[in-house]
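J.: Mind looking over this structure? Questions follow.
Since every read-out is calculated from the coordinates, none of them should be taken as a lab result. Just so we're clear, the structure is a prediction, and the values are computed from it rather than from any experiment.
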Ligand code: PLP
């Protein structure tokens with residue numbers, strides 16, 4: 001059976017060239033970048049090179065990029081680091097209701113520790129208006145954290161306008177850019193963010209390595225203390241091979257970005273049009289909002305998401321659903337709930353996410369198989385009328 005991977009917002013495979021770039025750093029170039037001898041300096045040079053590549057992908061200076069273990073750590077470091085450094089000024093945070101758990105649960109944890117958090121609501125397309133941020137601003141606001149692109153529906157928030165508001169108010173602004181990096185052009189200076197989170201495994205790099213952009217003179221208190229690595233911002237011997245892999249994939253993503261955005265976007269739009277033509281009662285979440293070109297979140301009435309995912313899996317196609325099964329109980333996705341979907345609607349949603357390595361044949365196979373699966377599942381629904 002062929003296996004088709006259309007769950008690239010969960011993770012991606014490494015692209016050709018990345019493993020080859022990493023391999024020497026496991027074998028003959030295994031030095032510790034803090035060592036002063038030749039092996040150490042070779043590792044340090046490789047990290048510096050990767051730092052420049054990651055910085056170029058987001059229009060930053062290399063010295064403003066801190067390597068760490070991934071998107072979750074980047075979000076934690078940014079949010080906790082600012083809150084800690086600003087605690088004498090205030091404890092109010094502004095965020096949205098559709099953040100990734102790495103941001104959402106960090107803010108909830110800070111709420112328990114005495115911070116006040118404003119959770120901004122979204123419209124039905126999953127979009128915020130920048131003016132909502134201005135209206136939520138208080139004298140004790142120390143941080144705004146709003147994601148750039150959403151992992152479930154792909155909607156892209158007006159980060160530049162929010163950045164302008166943050167700048168006028170003199171408040172630090174973090175954006176979780178884990179899903180946006182490498183998929184759409186990112187210029188951190190134009191976005192006016194102080195902090196921007198990235199994760200290599202979402203853009204065809206290795207897992208367990210990420211980066212946080214920290215604009216100059218942004219006072220983030222380190223979360224992990226030790227030997228003072230990463231210019232005292234994140235201690236711990238660097239994951240040299242992982243960082244090299246991140247650098248390699250960042251370069252390839254930047255070089256291919258303009259072409260891939262068009263190719264993937266056209267493939268996704270065509271897929272959505274064909275699915276709509278083949279099935280009744282389906283809607284695309286966030287369809288009218290600016291969206292990542294690779295992401296499609298479709299709501300299929302009278303068919304259950306888990307059933308669709310499992311049936312597709314049996315046909316060799318990997319996608320995901322908008323609901324998450326946690327501790328035995330089925331929870332609708334907080335993102336779909338925040339954009340006004342009922343639990344029933346949330347349970348019928350499917351996330352299909354493409355990547356630089358997705359082919360037209362992959363998408364054609366999904367379009368061929370999904371309508372039959374939906375028809376069979378709908379026949380089990382007492383509410384379904386053709
Ligand atoms: N933020 C967003 C928007 C994500 O999609 C993810 C991963 O799913 C993360 C953060 C966490 O990244 P990581 O898996 O590198 O910890």
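J.: Output the relative contact order of the stretch 259-363, whole-number percent, from Cα pairs under 8 angstrom with separation of 6+ residues.
T.: 31
J.: While we're here: Which shape class applies to the stretch 1-65: rounded if a/c is under 1.5, otherwise prolate when a/b exceeds b/c and oblate if not, where a ≥ b ≥ c are the square roots of the Cα gyration tensor eigenvalues?
T.: It comes out oblate by the Cα gyration axes.
J.: Which three extents, in whole angstrom, do the alpha-carbon atoms of the chain cover along their principal axes, largest first?
T.: 69, 54, 39
J.: Please compute, over every Cα-Cα pair in the stretch 235-280, the percentage with a separation greater than 12 angstrom.
T.: Of the Cα pairs, 72 percent sit more than 12 Å apart.
J.: Under the classification rounded if a/c is under 1.5, otherwise prolate if a/b is larger than b/c and oblate if not, where does the stretch 9-163 fall, given a ≥ b ≥ c as square roots of the Cα gyration tensor eigenvalues?
T.: Because a/c hits 1.5 or more and a/b exceeds b/c, the stretch 9-163 counts as prolate.
J.: Shifting gears a bit: Helix 305-314 sits at what angle to the longest principal axis of the chain, using alpha carbons and giving 0 to 90 degrees rounded to 10?
T.: Between helix and principal axis, roughly 90 degrees.
J.: Next question, about the same structure. What do you get for the angle between helix 71-85 and the principal long axis of the chain? Use alpha-carbon atoms, 0 to 90 degrees, nearest ten.
T.: In the chain, helix 71-85 runs at an angle near 50 degrees to the longest axis.
J.: Which of rounded, prolate, oblate describes the stretch 171-278, given a ≥ b ≥ c as roots of the alpha-carbon gyration tensor eigenvalues and a/c under 1.5 marking rounded, otherwise prolate only if a/b is larger than b/c?
T.: Prolate.
J.: Taking every DSSP beta bridge with both residues inside the chain, roughly what % is antiparallel (nearest 5)?
T.: Approximately 55 percent, going by the DSSP bridge assignments.
J.: In degrees from 0 to 90, rounded to the nearest 10, what is the angle of the helix 159-169 Cα long axis to the longest principal axis of the chain?
T.: Approximately 50 degrees, to the nearest ten.
J.: What percent does the relative contact order of the chain come to when contacts are Cα pairs within less than 8 Å and at least six residues apart?
T.: Across the chain, relative contact order equals 22 percent.
J.: Using Cα springs under 10 Å in a Gaussian network model of the chain, which residue among 347, 246, 26 shows the largest mean-square fluctuation?
T.: Ranking 347, 246, 26 by mean-square fluctuation puts 26 first.
J.: Something else about it: Taking 8 Å as the Cα distance limit and 6 or more residues as the minimum spacing, I'd like the relative contact order of the stretch 94-133 as a percentage.
T.: Over the stretch 94-133, the number comes to 49 percent.
J.: Send over the Kirkwood Rh of the stretch 258-386, from the inverse of the averaged 1/r over different Cα pairs, rounded to one decimal Å.
T.: Averaging 1/r across every pair of different Cα atoms and inverting gives 15.1 Å.
J.: Using alpha-carbon positions, what is the distance between the centroids of the stretch 56-115 and the stretch 200-222, in Å?
T.: Cα centroid to Cα centroid, the span is 11 Å.
J.: Mean 1/r over all different Cα pairs, inverted: what Kirkwood radius does the stretch 64-156 give, in Å?
T.: One over the average 1/r among Cα pairs gives 13.8 Å for the stretch 64-156.
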